Amino acid sequence: MACGYETEVYEGHGLFGQHIVAVSCPDCHTIQNLVVGGVIGDVAPSYNSETGRLCLRCGSNRIKRWDMHTCPQCGGEMKDTGNDDFWT
């Protein structure tokens, strides 16, 4: 990828049943990891999906699920580094 943008993407489920959804923000050109579901979703139903959520960096409401390939900075192809990160 040409611009050098890197991000950490977390996979798996947390202790309380929540999982992470990677979203891309077209306004600040970043990838954010949103906590979804689990006990948090039971207490705050707005956390049950990424629908209606805001970008954690700029507050934009235009975030969408990241395709796991397209760089939000330059539009180039991002590649998995092979380093596995698990959220526990």
Listed candidates [x] 84; [y] 71; [z] 149 - label of the one calculated as volume of the Cα convex hull per residue in Å³
[x]
Looking only at Cβ-Cβ distances, which cysteines of the chain have no other cysteine closer than 4.7 Å?
71
Mind checking the dipole of the chain: about its Cα centre, +1 per Lys or Arg Cβ, -1 per Asp or Glu Cβ, Debye to the nearest 20?
360 debye
Between the residues 46, 31, 16, the Cα farthest towards the positive end of the dipole of the chain, that dipole coming from +1 and -1 charges on the beta-carbon of Lys, Arg, Asp and Glu, is from 46
Could you work out how far apart the two model spin labels at residue 16 and residue 65 are, taking each label as a point 7 Å from the Cα in the direction of the beta carbon, and quote it in nm?
2.4 nm
What list of ³J(HN,Hα) couplings, whole Hz, do you get for segment 12-27 from phi and the Karplus terms 6.51, -1.76, 1.60, once you set θ to phi - 60° and write x for glycine and proline?
x, 10, x, 4, 9, x, 6, 9, 10, 10, 7, 10, 10, 10, x, 8
Cα-based shape type of segment 1-47, given that a ≥ b ≥ c are square roots of the gyration tensor eigenvalues and the cut on a/c is 1.5:
oblate
Within segment 13-43, whose backbone N sits under 19 Å from a point 7 Å along Cα→Cβ of residue 80?
13-14, 19-24, 31-34
Residue-count net charge about residue 55 - beta-carbon cut-off 10 Å; Lys, Arg +1, Asp, Glu -1
+2
Two pseudo-spin positions, 7 Å from Cα along C-beta at residue 50 and at residue 7, lie apart in nanometres by 0.8 nm
May I ask you to derive the relative contact order of the chain, considering only C-alpha pairs under 8 Å and at least 6 residues apart, and to give it as an integer percent?
33 percent
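Coordinate-derived values only; no laboratory data. Computed from a prediction, not measured in an experiment: that's the story for all the values here. Cβ sites come from the backbone with ideal geometry, for glycine too, and all protein chains shown count toward neighbours.
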